[in-house]
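Bear in mind that the values in this text are calculations on the coordinates, not laboratory data. Source: prediction; values computed, not measured. Neighbour counts are summed over all protein chains in view; Cβ atoms, including those assigned to glycine, are modelled from backbone coordinates with ideal geometry.
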Amino acid sequence: MPKPFRSLLPLLALAAGLSGCGTVNEKLSAGMGDYVPQWAGGLPADAPPRAGTPQYDAYVKERERKRLLPAADREKEEQAQKGATGSAPGNAVR
């Protein structure tokens with residue numbers, strides 16, 4: 001076997017092996033992302049629910065309801081929500 005082909009054969013084997021890992025990771029990453037903590041690169045706390053779940057359907061309906069509200073009513077609702085979930089002044093991060 002000529003020398004250029006000898007060095008090409010391990011590269012092809014490595015590429016084939018890595019491409020197999022890519023398909024496995026694609027299937028695993030869809031579910032594993034839910035279990036990875038946010039500090040390690042997982043989903044943020046305000047991420048919407050996964051599509052196809054009942055929580056996602058409720059999320060879409062609520063988002064559509066807010067989209068159809070007039071802007072003045074939407075701002076009032078957002079201010080009311082911020083006031084209800086606001087943190088105490090002593091807990092501010094500095």
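Numbers below:
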| item | result |
| --- | --- |
| Three-way shape label, region 34-80, alpha-carbon gyration tensor, a/c 1.5 | oblate |
| Inter-label distance for Ala47 and Leu8, nm, one decimal - labels placed 7 Å from Cα along Cα-to-Cβ | 4.2 nm |
